[in-house]
Every structure is written in structure tokens, then in C-alpha cells.
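For reference, the structure is listed below as C-alpha cells.
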Ligand SMILES: C[S@@+](CC[C@H](N)C(=O)[O-])C[C@H]1O[C@@H](n2cnc3c(N)ncnc32)[C@H](O)[C@@H]1O
């Protein structure tokens, strides 16, 4: 078993209540709906194709993909998250059972070369791991030529306001120099470094690993987090969902988003 990182310690602790943190919140429902629409356009067409859910956590996406008929492998470095995923998935009757693997996304040494038809990395594992470059290279390695990958990370520009609020001008200077901040939990032992990306930095990360860039969206480019209450109303939810999806690929608006999501492809040749 690999050494537990601070991110593992944090995720181990929150694993049991992780799903509850997101369920019952209209903002996160909307973000997941947007994500699914974006991901769907890049999924393999063949039923039973092999999908890697890297940093898959409690298995929310793995379950959705397995229910769509794919053969899913969920890889995560946190024992607690894998345990939560096992509890959730074990008793379900799925077309193909989900395979769970403890693995660090910055290398994925437990996984073979070119064995997946698609990879997903949702909810920042690339921002949280020890090397985003190694993570991008590992994703490239395990995908077969021609296979796509959709990954979401923390956006640098979207972090400006919270960093200024929490760390003041000197903190903002440091943040702009490094692109790095810290996941602030009350327990110092669980604080872990978070690497953020500008839109160009994210394209560079995947481009240098050998991928072709297909699309880049912000999640979310409208300030929907503070409209949580309004999103509880079905008509407002649908209206804002439509507007957000119309705008979220606009280059000039990407900086407004807390998260960036990139879709890439390993070249077919
Ligand atoms: C915010 S959660 C997202 C979980 C899931 N992908 C989702 O969208 O619901 C981040 C996940 O990344 C995992 N993670 C963090 N660092 C990792 C690493 N180096 N390798 C693999 N997984 C990692 C955490 O354990 C956690 O499950």
C-alpha cells in the first residue's frame, strides 16, 4: 500500500459523508448534468467498451457509466473512498461489475498500457496529485490510440477572489507566481497542495503529454453557486442550464469558472 498523502488522509475521513455533501444541492446537480452532457459527446460508441474512472472516489461516475453498459475500472488512491465505492457498488446488479483499484493517478503503475477506450478524471485528482505532468502521461499511456479523455481541474483565475479573501495581497502574489494553493481543512495534517490551471496551461499540460485537444469548458462560467436557491425552481434551473451550456466554451468567460474541464484524444496513429 502506498504511503498515505495528506489528500488521502482528508479523503479517507470524508469518504463516508462525501455523497451527502453533494446530493440535495441543486448547484452540484446542475454541474453534474453539464459534465454528463460534455462527457457523453466523447464516450466510445461500442457497448462494453473499457473505461477508466481515475480518482473516481465513491463511484458516482463509475456507476453512471456502468449503468450505460461500459466495463468500468475505478482507480483511486484513498482507501476510504475505495471502501465507500465498494459498499455502494457491491450489491448492485450491473451489466458488468466495476473493478476497483488502489492507484496513484500520477503514474497508474497497476494499470497496463493501451487498455482503455476512454478515461475520466473528475473532481480534481489531477490538481490534487503529486505531479499533473505524470498524471497526464499516465492517462496517455493507459489509453489505446484514438481513445478520448475528459478531465476537470481547478481553474487559476476562478481562484483569484477566494485566495485574495483568505490570504490577502501577499497570498495572491504567491498564488499568481505558483498557481498553487492549499485545500484548507481545519486539521492541519490534512491540508494538501492544490495545483490550479489557466486555460492555456491546461491545454499545454495535455498537449505535452501527446494528446490532441478537443474542447475546453468552464464549470461554471455563470455565478450559479450563489444562485443555489433559485436553482431549486425547476423553470429557473432549466433556463440557467441552457444559458450556461451556451456560454461555457467561450474563451473570454473561462476565467470566471472555479473548474475547467478539458476533452482530449490520444492520436489514432
Ligand atoms: C473531489 S473527489 C472526486 C471524486 C469523483 N471523481 C467524483 O467526481 O465524484 C477527488 C478524488 O480524487 C482522489 N485523489 C486525490 N489524489 C489522488 C491521486 N494522487 N491518485 C488517485 N486519486 C486521487 C481522491 O481520493 C478523491 O476520491
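List of remarks:
- Length, then width, then depth: along the principal axes, the Cα atoms of region 194-260 run 43, 25, 17 Å.
- Using the Cβ-Cβ distance between residue 177 and residue 102 with R0 set to 22 Å, the FRET efficiency from 1/(1 + (r/R0)^6) comes to roughly 0.05.
- Taking a ≥ b ≥ c as the square roots of the eigenvalues of the alpha carbon gyration tensor, region 113-269 is oblate, as a/c is not under 1.5 and a/b does not beat b/c.
- Three-way shape call for region 1-73 based on the alpha-carbon gyration tensor, with the a/c threshold at 1.5: oblate
- Relative contact order %, the chain, counting alpha carbon pairs below 8 Å whose residues are six or more apart: 20 percent
- A straight line joining the Cα centroids of region 190-262 and region 56-78 runs 22 Å.
- The chain shape via C-alpha gyration tensor axes, a/c threshold 1.5: rounded
- Maximal additional length on extending the residue 166-residue 243 stretch stands at 24.7 nm, based on 0.36 nm per residue less the C-alpha distance.
- Volume of the Cα convex hull of region 64-189, divided per residue and given in Å³: 140 Å³
Any read-out appearing in this document is the output of simple, stated calculations on the displayed coordinates, not a laboratory observation. All values derive from a computational prediction rather than experimental measurement. As a convention, Cβ positions derive from the backbone with ideal geometry for all residues, glycine included, and neighbour counts pool all protein chains shown.
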